1. If you go through the stretch 19-41, how many residues are in contact with a Leu (Cβ under 8 Å, 6 or more places away or on another chain) and open to solvent by less than 40 Å² (accessible area, probe 1.4 Å)?
2. If I ask for residues that are under 27 Å from Leu123 (Cβ atoms), open to solvent by less than 80 Å² (accessible area, probe 1.4 Å), in contact with a Pro (Cβ under 9 Å, 6 or more places away or on another chain) and in a loop (DSSP other than H, G, I, E, B), which ones from the stretch 141-195 would you list?
3. Step by step: first the residues of the stretch 75-93, then only those that are over 13 Å from Ser158 (Cβ atoms) and not in a helix (DSSP H, G or I), then the one that is nearest to the chain's Cα centre (by Cα). Which residue is that?
4. When you go through Glu9, Glu52 one by one, which is the residue that is at pLDDT 95 or above, surrounded by fewer than 18 Cβ atoms within 10 Å (Cβ to Cβ) and on the phi < 0 side of the Ramachandran plot?
5. Which residues, counting only those in the stretch 38-66, are of a type in the set (D, E, K, R) and assigned to a loop (DSSP other than H, G, I, E, B)?
6. Could you check the stretch 14-37 and list, in sequence order, the residues that are closer than 18 Å to Glu179 by Cα and either outside any helix (DSSP H, G or I) or touching an Asp or Glu at 6+ places or on another chain (Cβ under 6 Å) (or both)?
7. Would it be correct to say that Thr102 is among the hydroxyl-bearing types (Ser, Thr, Tyr), surrounded by fewer than 18 Cβ atoms within 10 Å (Cβ to Cβ), out of contact with any Cys (no Cβ under 9 Å at 6 or more places or on another chain) and assigned to a loop (DSSP other than H, G, I, E, B)?
8. Any residue that is of a type in the set (Lys, Arg) and farther than 26 Å from Ser12 by Cβ - is there at least one of those in the stretch 138-147?
Amino acid sequence: MSHSLNEIEAMSKRAARGAGLSWGLSEEAAKGTRWLSAFGFPGTEMLAELLEMNDQIPPIDVSPVSLSADIWHAPTRRMSPLIAGASLSDCAVRLLERGTITMQNVSLPLLAVPFMGGAALRLGVPVAAEWDGARVATDGKQLCVQGEADALRAKHASQLVFSAPAEMTGKREPVMRAEVCESSWDQLGSFAHRTFAPATEESRLRGAGAGVSDND
């Protein structure tokens, strides 16, 4: 089914928040899902899969232990691409100084790519990410892609390497609407539903025509 990018962003934000992500990271996850969808990637499917994978797991367990380490890794040896990407964006200057930042055992690495856009805009140079059989680069506005679909949509990258400045080759053009897998949309909807507070007796009594009548 087809959805506008605005619809994708709104649903993704509610779902990420429902899954327990902070409001800030939920907003970034939503923007990233929209960005990937605009370039023809299954952003909603990948976000839904990640939220299911990390449901009920404390964020610190899938966050980098140290941002100054030669190789970033998480305590559980499985890093969230959203937290990894946000951390990379915060360390944009360090990336340019070092030339590369390497991460180990990152889930769904493509979900980290949108965060490169913000880093590229701040640095004023393109940023690239590479993992087994895939290379993606962006200057913050355009996306360049190299690799087969299976490699780009990998569920796990044993090593994810970011570099700057990067060469831009193999550009993709963005679209205004995206085809969305119905099952992934339903999954996101389930997470989004968690953001709605359950009704209480007081709220029911305050509702129009609920719990009271003019005859009382």
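The values are calculated or read from the model by the stated rules, or taken from the named source; none is laboratory data. Computed from a predicted model, the values in this text were never measured in an experiment. Quick reminder, even Gly has a Cβ in these numbers, built from the backbone with ideal geometry, and neighbours come from all protein chains shown. Heads up: the accessible areas ignore ligands, DNA and RNA and are worked out on the full protein's heavy atoms, side chains in. Shrake-Rupley method; radii C 1.70, N 1.55, O 1.52, S 1.80 Å.
1. 11
2. Gln142, Ala154, Ala164, Ala166, Met168
3. Here is the first cut: in the stretch 75-93, the ones over 13 Å from Ser158 (Cβ atoms) are 75-76, 80-93.
Next, only the ones that are not in a helix (DSSP H, G or I) stay: 75-76, 80, 91.
Values: Pro75: 20, Thr76: 19, Ser80: 9, Cys91: 17 Å.
Per the criteria, the residue is Ser80.
4. From the options Glu9, Glu52, the qualifying one is Glu52.
5. Taking the stretch 38-66 first, the residues of a type in the set (D, E, K, R) are 45, 49, 52, 55, 61.
Scanning the stretch 38-66 gives a single hit, Asp55.
6. Ala30, Arg34
7. On the way: among the hydroxyl-bearing types (Ser, Thr, Tyr): yes; surrounded by fewer than 18 Cβ atoms within 10 Å (Cβ to Cβ): yes; out of contact with any Cys (no Cβ under 9 Å at 6 or more places or on another chain): yes; assigned to a loop (DSSP other than H, G, I, E, B): no.
The answer is no for Thr102.
8. no
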